[in-house]
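A quick write-up on the structure given underneath.
The values are calculated or read from the model by the stated rules, or taken from the named source; none is laboratory data. Being a predicted model, the structure only gives us computed values, none of them experimental. So basically every Cβ, Gly included, is an ideal-geometry build from the backbone, and we count neighbours across all protein chains shown.
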Amino acid sequence: MVAVVAALSFWPLEGSARDARLAYASPQTSGKIEDRIRLAFLPEANAGTQAHVINSTIELPATVAERCAAVDPQQVSLIVRSLAAAEGLDPDLVDAVAWVESGYGANSGPSSSGALGIMQLMPATAKDLGLVDRCNVEQNVRAGVRYMKQLYTEFKDPLLMLAAYNAGPAKVHEKKGIPLYRETSDYIVRVLNRWKYSTMVGQHDQSIAQVKQVQEPAKDEGDSNKAEVGWKDGHVIELQ
């Protein structure tokens, strides 16, 4: 069986406008989208708890011609997840944004619009957030996480938060929902696919760890019954 898990296509104009208005007027009430990305945040029970923040060990040489230095993607992902957890955001979701925005820093140069760094922050946005060096990995990620949290507080909906992160909050207010731009809808699709992939892999790894604690390793013939994760046409799918 092949089941598409996350598929948010470029909706038809009429339906798109209707859905966008509904999401804007009644955040978190329309559409499942994995229960609105599990509200994008960790359970309220975790509020107030302090998460261990991993200090960056990435060396940050001076940049040349507005290009950031090469970084270790694995270290970047650890920093992203740690800072997201510390702010109460879903680490998988923020990690997905960092991956889509810059490939964990693989895209070291500025975008055509001038966005730069792991979280691809615009100069004006970085200034508002108090970020001076957009190529400083930890500072850039911290500012990006704070910005995502501000957008969630403003729009009260994770999909509108993602739309605002891509197109700007002014456009979301102007359109009273997700702007009908192909770039923005494609952006949300990519983030959701990456987020779903991360959660599926994480759940799979966690279940394996729990099984190993109570029993001997499974025999080889049992491996054929495990679900596998794969890609099809740009979407995360579960193969059974």
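Things worth noting here:
- Odd one out for V137 among (1) within 23 Å of L192 (Cβ to Cβ); (2) among the hydrophobic types (A, V, I, L, M, F, W, C); (3) at pLDDT 95 or above: (1)
- Complete set of residues in the range 152-177 that are assigned to a helix (DSSP H, G or I) and among the acidic types (D, E): E154, E174
- Selection over the range 121-146 of residues that are touching a residue at least 40 places away in the same chain (Cβ under 8 Å), part of a helix (DSSP H, G or I) and not hydrophobic (A, V, I, L, M, F, W, C) gives a count of 4.
- Number of the exception - R67 against (1) of a type outside the set (A, V, I, L, M, F, W, C); (2) surrounded by 22 or more Cβ atoms within 10 Å (Cβ to Cβ); (3) over 22 Å from R190 (Cα atoms): (2)
- Residue in the range 66-80 that is modelled with pLDDT under 50 and over 28 Å from K196 (Cα atoms) present: no
- If the condition is being in a helix (DSSP H, G or I) and buried (at least 21 other Cβ atoms within 10 Å of the Cβ), then the range 178-187 contributes only T184.
- Filtering the range 105-164 to residues that are buried (at least 21 other Cβ atoms within 10 Å of the Cβ), β-branched (V, I, T) and under 25 Å from Y181 (Cβ atoms) leaves I118, V145.
- Applying the set (1) closer than 21 Å to S198 by Cβ; (2) in a loop (DSSP other than H, G, I, E, B); (3) touching a residue at least 24 places away in the same chain (Cβ under 8 Å) to K149 leaves exactly one unmet item: (2).
- Residues being of a type in the set (F, W, Y) and modelled with pLDDT under 50 are represented in the range 40-53 by at least one member.
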